[in-house]
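K.L.:
Right, I'll just put the structure down here and ask away after.
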Amino acid sequence: MAIRSVSALVLDGLAVFEFGVICEVFGIDRSADGVPNFDFKVCGPEPGKPLRTSVGATIIPDHGLDDLIGADLVAIPAIASQNGGYLPEALDAVRRAAESGSIILTVCSGAFVAGAAGLLDGRPCT
């Protein structure tokens, strides 16, 4: 399967370095260098509503959580849990994306989001 569409999940508490890596790999048009261009979306709970990163800077997603579903690849950066967990609507969207056939990529402790969504139940995670 060729990956053409990539949706990145952003929530309050996201780590800017890990999110930056996702943006560098999938969000920059390098087609002039012979690298495929991706349809890259930044998805959060409410499009246009600022989210606070782990260092206090803000990120403003252009797309909602529904844009995770149907993406060829969903990228999840490290995201600090809020009040001992993650936004249930975000976990549901990640779960629905996986069920729709999206590849789920986590960076660093973004794996905890995948785990909280139930995607790692009964599976090894390295």
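Since every read-out is calculated from the coordinates, none of them should be taken as a lab result. Just so it is clear, the structure is predicted and the values come from calculations on it, not from any experiment. Quick reminder, even Gly has a Cβ in these numbers, built from the backbone with ideal geometry, and neighbours come from all protein chains shown.
K.L.:
Do you know which residues across region 47-61 are exposed (fewer than 12 other Cβ atoms within 10 Å of the Cβ) and without any contact (Cβ under 8 Å) to a residue 40 or more places away in the chain?
P.N.:
GLY48, LYS49, VAL55, GLY56, THR58
K.L.:
Here is a follow-up. Taking the criterion of being under 20 Å from VAL94 (Cβ atoms) and touching an Asp or Glu at 6+ places or on another chain (Cβ under 7 Å), would at least one residue in region 16-34 satisfy it?
P.N.:
Within region 16-34 (the criterion being under 20 Å from VAL94 (Cβ atoms) and touching an Asp or Glu at 6+ places or on another chain (Cβ under 7 Å)), the answer is no, since none of the residues qualifies.
K.L.:
Only one residue in ALA71, ALA78 is surrounded by 12 or more Cβ atoms within 10 Å (Cβ to Cβ), over 18 Å from SER5 (Cα atoms) and not basic (Lys, Arg), so which one is that?
P.N.:
ALA78
K.L.:
Is at least one residue of region 38-58 assigned to a helix (DSSP H, G or I), farther than 21 Å from ALA2 by Cβ and of a type in the set (A, V, I, L, M)?
P.N.:
no
K.L.:
Output the residues belonging to region 70-100 that are farther than 17 Å from CYS43 by Cα and without any contact (Cβ under 8 Å) to a residue 12 or more places away in the chain.
P.N.:
ASN83, GLY84, GLU99
K.L.:
Checking GLY84 against (1) surrounded by 13 or more Cβ atoms within 10 Å (Cβ to Cβ); (2) at positive phi: exactly one of these is not met. Which one?
P.N.:
Unmet for GLY84, out of (1) surrounded by 13 or more Cβ atoms within 10 Å (Cβ to Cβ); (2) at positive phi: (1).
K.L.:
Also, quick follow-up: Condition first: in a loop (DSSP other than H, G, I, E, B), of a type in the set (Phe, Trp, Tyr) and buried (at least 16 other Cβ atoms within 10 Å of the Cβ). Can you find one or more residues in region 11-26 that meet it?
P.N.:
Within region 11-26 (the criterion being in a loop (DSSP other than H, G, I, E, B), of a type in the set (Phe, Trp, Tyr) and buried (at least 16 other Cβ atoms within 10 Å of the Cβ)), the answer is no, since none of the residues qualifies.
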